[in-house]
Amino acid sequence: YMLREKMNIISLEEVDSTNLYAKQNLYSLEDRTIIVAKNQTSGRGRFNRSWVDLGDDNLFMSFVLKPSDTFKDVYANLTQYISVILVNILEEYGLAPSIKWPNDVLIDGKKISGMLSETVMQGNKFKGLVLGIGVNLNAEKSALSLVKDKKITALNIELEREHVDKKLFFEKLVNQFFKSYDEFLEHGFLLIKNKYINACNFLGKEISVQVFDDKKSGIAKYINDSGELVLQNHKKEEFVLTMGDIL
Ligand code: BTN
């Protein structure tokens, strides 16, 4: 790989889930190790949904991160950090991606990438983070209907190309991720706030957000300095949402 620095990369032929593998092996894996798999048989998404494997040349990877001995709030924004990086890379390919809060990356309203961050604790001691990302790079048009609950797309389809080079995409992602990673940990969401908001496609609109069993509706007012979504209902009351799913 043409990576800027020497990296710990564990490349697997097949795995249930790169996130699960990283969690199960967390203690023996060094900080900044990358797990990447050719095939993923049981990929997981947010809210325990599944992440479908659309074939060999799609990207399934997880970053193992052990930035400190205690949990810091900024870690909760790492999925937003990586979604901004995804946006930058897709722009390099000439596309106009958008972000659906908190971290789905879409093209023309169709999902191309998702992130799942998991915190590993031992009792109440913070042990590390597993930051997983899936990117649809190469899919057959007919396979897009395998995902039933939402519209999805893949990079090759958007570029109207037969095939997209996965290795090149992987290198861009890893290089750009680590280029600003330390700075991000120091400054937090503010470092990416402008870029993030520019990519957001829902601000100012009337939306509904599923938060576990609860549904909140209102106008998506703004994203605050912590990356949270502020909704305003018809009584002009504001609600700060830390997690959820825009419906
Ligand atoms: C989502 O959009 O809900 C998040 C999807 C995250 C999928 C990636 S693929 C690599 C890593 N391993 C997993 O099992 N999930 C993440």
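The values are calculated or read from the model by the stated rules, or taken from the named source; none is laboratory data. Because the structure is a prediction, the values reported are computed rather than measured. All Cβ positions, glycine included, derive from the backbone under ideal geometry; neighbour counts span all protein chains shown. To get the accessible areas, we keep the full protein, side chains included, count just its heavy atoms, and leave off ligands, DNA and RNA. Shrake-Rupley method; radii C 1.70, N 1.55, O 1.52, S 1.80 Å.
Label positions at Lys215 and Met243, each projected 7 Å from the Cα along the C-beta direction, are separated by 2.1 nm.
All other residues with a Cβ under 11 Å from the Cβ of Lys110 taken together, and with Lys, Arg as +1 and Asp, Glu as -1, what is their net charge? Don't skip to the answer; put the middle values down first.
Working: positive: Lys100, Lys111, Lys150, Lys151; negative: Asp104, Asp108, Glu158.
Result for the neighbourhood of Lys110: +1.
Relative contact order of the chain, taken over Cα pairs closer than 8 Å and 6 or more residues apart, is 17 percent.
Shown in residue order for region 28-37 are the 3J(HN,Hα) couplings computed by the Karplus curve 6.51 cos²θ - 1.76 cosθ + 1.60 at θ = phi - 60°: 8, 8, 6, 3, 6, 7, 10, 9, 10, 10 Hz (x for Gly and Pro). The slack in the chain from Asn124 to Lys235, taken as 0.36 nm per residue of separation less the alpha-carbon distance, amounts to 36.0 nm.
Please report, as a whole percent, how much of the solvent-accessible surface of the chain comes from carbon and sulfur atoms (probe radius 1.4 Å). Carbon and sulfur atoms account for 46 percent of the accessible area of the chain.
Taking the empirical scaling 2.2 N^0.38 Å for compact globular proteins as reference, the chain has a Cα radius of gyration ratio of 0.99. In region 1-133, Cα pairs under 8 Å separated by at least six residues give a relative contact order of 24 percent.
To the nearest 10, the accessible area of Lys216 is 50 Å² with a 1.4 Å probe.
Figure legend: label point modelled 7 angstrom from the Cα of Glu13 along Cα→Cβ; residues of region 40-82 with amide N under 15 Å from it are 40-41, 56. Lys and Arg at +1, Asp and Glu at -1: add these up for the other residues within a Cβ distance under 13 Å of Ile35 and post the number. Computed value for this residue: -2. The DSSP beta bridges internal to region 1-95 are antiparallel in roughly 50% of cases. Relative contact order, whole percent, for region 188-235 stands at 32, derived from Cα pairs under 8 Å and 6 or more residues apart. When the charge dipole of region 46-140 is built from unit charges on Cβ atoms (+1 for Lys and Arg, -1 for Asp and Glu) and taken about the Cα centre, the candidate among Phe71, Ala96, Gly128 whose Cα reaches farthest toward its positive end is Phe71.
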